Amino acid sequence: MIAAIFAPLLALQGAPSTAVAIKNDNPETWSVEYPRLIQPFVQDYRRCLAVTNRRIAGVADFEAQHAADLPRCAERRAKAVADSNAALAGAKTAMTPEEVEQLFTNVGRIHIARGADLDKQFNARVAGAEAASQAYEANRPKGLVIELHDASVVKARTDASAAAAAAAQEKDPE
């Protein structure tokens, strides 16, 4: 029974170590690299951060919502750091406990940065909609649509009256 539990861990230690990396496209963000051996612990922590209900209340508060996930997942983070350090204790790929701690700190920072990015996107869309609304209000025809509508109604009534008058004229040609 115990051998069945530890067999996958021992098999993973013998496998070649490949680093899993998230590409850093923006120098203001953080990248994370870690051995595949601790990937389940990192994924578990990231899942804890990501799986929650978000409130969309018409204000840009996603960064604050994402920041609130860090204390909510503090226990999961502590367990993931401890499990990662335990898994790396005898592994070929060496990562110091400080590097593991920094890895999980960066995962948290990336999570908050994603919330900030959502805020920026939200604010950009609101500003774009406001600019489009102002441009429409500034350039829309003043009263022209109403006048055309009134003219068409008058014309329709005139045509109907003319047809009725012509019909009456035919009936009573006096």
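The values are calculated or read from the model by the stated rules, or taken from the named source; none is laboratory data. On a predicted model such as this, the values are computed, not experimentally measured, just so you know. Ligands, DNA and RNA are stripped out before the accessible areas are found, and what is left, the full protein with its side chains, is counted by its heavy atoms. Shrake-Rupley method; radii C 1.70, N 1.55, O 1.52, S 1.80 Å.
Note on Ile112: accessible area is roughly 40 Å² with a 1.4 Å probe, heavy atoms of protein only.
Listed by chain and number, the lysines whose alpha-carbon sits under 30 Å from that of Lys79, ignoring those within fewer than 8 places in the same chain, are Lys23, Lys92. Of the whole protein surface, Glu99 contributes about 90 Å² of accessible area at a 1.4 Å probe radius.
Heavy-atom accessible area with a 1.4 Å probe sorts Phe41, Phe104, Phe62, largest first, into Phe41, Phe62, Phe104.
Within the same chain, lysines fewer than 8 places from Lys142 are excluded, and of the rest, those with a Cα less than 26 Å from its Cα are Lys155.
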